[in-house]
Number of protein chains: 2
Amino acid sequence: MIEGNFADRLLEAVEAKRSFVVVGLDPDYERIPPAVREAHPRRAYDSEGEMKAACFDEFLTGLLDCLADDAVAVKPQIAYFEALGAAGYELYERVVRSAGANGYLVIADVKRGDIGSTAEAYAHAHLDAAGADAVTVNPYFGTDSLEPFFRRSREEGKGVFVLVKTSNPSSAELQDLELATGETLFERVATMVDAWGSRSRGSRGYSSIGAVVGGTHRSQGAALRRLVPGVPFLVPGYGAQGAKAEDLAGLFDAQGTGAVVNSARAILYAYEKRPGIAWQDAARSETREMKAALWRAAGRG
Amino acid sequence: MIEGNFADRLLEAVEAKRSFVVVGLDPDYERIPPAVREAHPRRAYDSEGEMKAACFDEFLTGLLDCLADDAVAVKPQIAYFEALGAAGYELYERVVRSAGANGYLVIADVKRGDIGSTAEAYAHAHLDAAGADAVTVNPYFGTDSLEPFFRRSREEGKGVFVLVKTSNPSSAELQDLELATGETLFERVATMVDAWGSRSRGSRGYSSIGAVVGGTHRSQGAALRRLVPGVPFLVPGYGAQGAKAEDLAGLFDAQGTGAVVNSARAILYAYEKRPGIAWQDAARSETREMKAALWRAAGRG
């Protein structure tokens, strides 16, 4: 099934919703609203994994129901589902389908990377079987490990976001290493991403092969935006990890587009900081504030 | 639960079984022996995923039953389980438990890498919940992304194998990049692995933080052995990917130890090249030939 260019679909959703917000689905049982946890007592389930999966299901369904006008995409972080075993994996697949049906693009945050035959199995698992619109991948193995994902990008309109500069404090250890050519490793990876995407540019000049660029590195992010103008950015690090909207201005292009920004914990657990209102309303308010702040940061507000 | 040092357990198993063989569990439905496939007709299951999981279960159980004398460890490649969805994930967890009960060390080949809070969820999923003895991880994020795995190594006797130089053809694109210091990137990563393991050396001088070093790069592998003498190697690439025992001699130390070698497809589907004998017998014969060839290559035969 050819579904058009992923970058076009993503950036059209940005214009339609006037939002750069991606909601990270990183469910943590200890922080699920107490009312949801109390509705699923351990004794009602065969295993702890099933009980937690039922909580996650109610919580995530509630969030998906109320954020579709304000978020362009959701990004399920599969680690939090895997941590519940098979019950969690089943929920992951259900959440991907349900989010798609609710009008979100779905970016499966799996960060997989392996040799070609194994990469084919991963690409099948997440883009075909689970049915996500895009995935995150790790570049350490090189081109042949990414080709199964790229093929689905060219032939089936899927998106791929390659790790370039991650948001965590230790990211400098490898990613900022200076090469003999004078570039940093992450700049070299960005240049490779640009080349990988040259066959899948959409009508807006952006490719379906994007880059993960942490919002926590202000000047490096802005330099990357200039280095690879045709590569869309998926930006983690907003909210709980410390990046603010004004730090991200340099990640948008001159037209005020080309990047989407993820926030997980700050939206999911917004109720913790907004006492007296329902958790869904708290998440919606947090999402709308983020949406407005980013729209301004991109020079659109 | 402190279970002693992983490197000690691994290298003691090598001596006890006189074997460096790790059997890669990469089940591929199209190559499962026809007799196994015929025993599980599609109509007997609710979904294709469940049917394939039942085939994989019978096939892998049959292999685990007959290779325990000759293989020190098994390495389930989770991509092939994920490709079946929740039924595959459930089988992955069952295979990890079953292999441990059958006297194999279990190296979960997951190659995960993510920011710290997410890495904690992955470490929990594979080392705590599934209960593997060791995992493979990707170094691109740096130290903070690996600390949840390292902590379980120090406190619970778990092992960690960090990708250093992978076996695939494109591995040179990033891993062989020359740094400003004159090292290659993979040499720098190897040096980091050595430092990460300095707190978990066992009685044989090897650390519980090991390196994945592809057997397909003969001279680079031997140079790595000299560079980081205390780092145990997990060596993929034998068999179907082309490495032969004589290519691997340089990966062992002067005592003829310090590395274990994985083969997946050449063992699992050995029956294809050995007509007229049962698939379990074919796998056992292949494993024993590999075992003997590696023992000689290590200078022990």
Distances in nm between the label point of A:Glu48 (7 Å along Cα→Cβ) and its equivalents in the other copies, shortest first, are 3.6
By the mean-Cβ-within-10 Å protection proxy, highest first, A:150-159, A:27-36 rank as A:150-159, A:27-36
Shortest first and in nm, the label-point separations between A:Arg94 and its counterparts in the other identical copies (7 Å out along Cα→Cβ) come to 2.1
Counting Lys and Arg as +1 and Asp and Glu as -1 over every other residue whose Cβ sits under 15 Å from the Cβ of A:Gly256, the net charge comes to +3
With +1 on the Cβ of every Lys and Arg and -1 on the Cβ of every Asp and Glu, the dipole magnitude of chain B about its Cα centre, in debye rounded to the nearest 20, is 820
Most packed first (mean Cβ within 10 Å per residue), the peptides A:133-142, B:124-133 order as A:133-142, B:124-133
The simple spin-label model distance between B:Glu147 and A:Arg300, using points 7 Å out along Cα→Cβ, in nm, is 3.6
Computed on Cα atoms only, the convex hull of chain A has an orientation-averaged projected area in nm² of 15.2
If each part is reduced to its alpha-carbon centroid, the range A:163-218 and the range A:69-98 end up apart, in Å, by 26
Under 5 Å from the placed amide H of B:Gly159, counting only residues 5+ away or on other chains, we find B:Ala134, B:Val135
Among beta bridges assigned by DSSP with both residues in chain B, the antiparallel ones amount in percent, to the nearest 5, to 5
Once both label points are put 7 Å beyond Cα along the C-beta direction, the B:Arg201-B:Glu12 separation in nm becomes 2.0
Taking R0 as 56 Å and r as the Cβ-Cβ distance between A:Cys66 and B:Leu227, the FRET efficiency 1/(1 + (r/R0)^6), rounded to the nearest 0.05, comes to 0.55
For A:Glu30 and B:Lys273, extending 7 Å from Cα along the Cα-Cβ vector and measuring point to point gives, in nm, a value of 5.1
Treating only Lys and Arg (+1) and Asp and Glu (-1) as charged, each at its beta carbon, one finds that the protein assembly as shown has a dipole about its Cα centre, in Debye to the nearest 20, of 720
Within 10 Å of the Cβ of an average residue in A:39-47, the count of other chain Cβ atoms is 0
Checking A:Gln175, A:Gln255, A:Gln241 against a Gaussian network model of chain A (alpha-carbon springs below 10 Å), the top fluctuating residue turns out to be A:Gln255
Output field shielding_mean for A:126-133 (other chain Cβ, 10 Å radius) holds 2
Once the in-chain neighbours fewer than 8 apart are removed, the aspartates and glutamates whose Cα is under 16 Å from B:Lys158 read B:Glu3, B:Asp8, B:Glu12, B:Asp109, B:Glu120, B:Asp128, B:Asp133, B:Glu147
Here the whole-number average of other chain Cβ atoms within 10 Å per Cβ of A:87-95 is 4
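Using 1/(1 + (r/R0)^6) with R0 = 45 angstrom and r between the beta carbons of B:Glu155 and B:Arg42, what's the FRET efficiency to the nearest 0.05?
0.45
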If labels are modelled 7 Å from Cα along the Cβ direction, B:Lys273 lies from its partners in the other copies at nm distances, smallest first, of 6.0
Sorting A:Phe6, A:Gly299, A:Ala243 by the position of each Cα along the dipole of chain A (Lys, Arg +1; Asp, Glu -1; all at Cβ), the one nearest the positive end of that ordering is A:Gly299
Burial-style ranking of B:93-105, A:38-50, B:70-82, average other-beta-carbon count within 10 Å with highest first, yields B:70-82, B:93-105, A:38-50
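Take the Cα pairs of the protein assembly as shown, get the Kirkwood Rh, then feed it into Stokes-Einstein at 20 °C and 1.002 mPa s and tell me D in µm²/s.
The diffusion coefficient I find is 87 µm²/s.
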Using the Kirkwood radius over Cα pairs of the range A:137-242, the Stokes-Einstein translational diffusion coefficient at 20 °C and 1.002 mPa s, in µm²/s and rounded to a whole number, is 153
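Any read-out appearing in this document is the output of simple, stated calculations on the displayed coordinates, not a laboratory observation. Source: prediction; values computed, not measured. Note that each Cβ is placed from the backbone with ideal geometry, even for glycine, and that neighbours are counted across all protein chains shown.
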